[in-house]
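Since the structure comes first, as structure tokens, the remarks are kept for the end.
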Amino acid sequence: MTGSSLSGEERLKQRRSRFYRYSALGIAVAVLFGMVSGYTRRWYESGLLPGAAIVAMWALGLGAFGFYVAGYLRRLDEVDMADNLWAAYWGFHFYMVAYPTWYFFATVGMMPDPNQQIIWFTTMLVMLVGYVTRKLGLR
């Protein structure tokens, strides 16, 4: 006997619960980091922080993101991975069309220069729609 009295469904429920808690914690840390980065930007612009502190904060954030992603991938099952890959696929292909199209129309004078923030947020929206579509089973 393995010592576990939980059924397979109960173990799956526990695993999903831990996965959601891990994801929520990662989102909370990212939001907190974003808020802190806003303050550090002001402190840097006012001369209270040196540039090295900004670089160190960026490196810390990048390291924390890498640590989170590694843990996320360890907790991800094959169905979620497939859904994430499909979402990334659609987001990537959206970007591959959106930026060159906007850039082309900007070079001929029909649009302003491409706005990377708009393209980035729209790409994230396309990925979210792709992910939700997969989760709803609309394949």
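The values are calculated or read from the model by the stated rules, or taken from the named source; none is laboratory data. These numbers come from a predicted model, not from an experiment. Cβ atoms come from the backbone with ideal geometry, glycine included; neighbour counts cover every protein chain shown. Ligands, DNA and RNA are stripped out before the accessible areas are found, and what is left, the full protein with its side chains, is counted by its heavy atoms. Shrake-Rupley method; radii C 1.70, N 1.55, O 1.52, S 1.80 Å.
Tabulated data for the structure shown
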read-out: Lone unmet requirement of (1) at pLDDT 95 or above; (2) farther than 21 Å from residue 135 by Cβ; (3) aromatic (Phe, Trp, Tyr) for residue 94; value: (2)
read-out: Residue 57 over 30 Å from residue 12 (Cα atoms), surrounded by 13 or more Cβ atoms within 10 Å (Cβ to Cβ), of a type in the set (A, V, I, L, M) and not assigned by TED's automatic domain parsing to the domain that holds residue 138; value: yes
read-out: Filter result (closer than 16 Å to residue 90 by Cα and touching a residue at least 12 places away in the same chain (Cβ under 8 Å)) within segment 100-128; value: 119, 122, 123, 124, 126, 127, 128
read-out: Residue among 26, 66 that is touching a Gly at 6+ places or on another chain (Cβ under 9 Å), open to solvent by less than 50 Å² (accessible area, probe 1.4 Å) and closer than 21 Å to residue 81 by Cα; value: 26
read-out: Flag for residue 44 being touching a Pro at 6+ places or on another chain (Cβ under 9 Å), open to solvent by 60 Å² or more (accessible area, probe 1.4 Å) and modelled with pLDDT under 95; value: yes
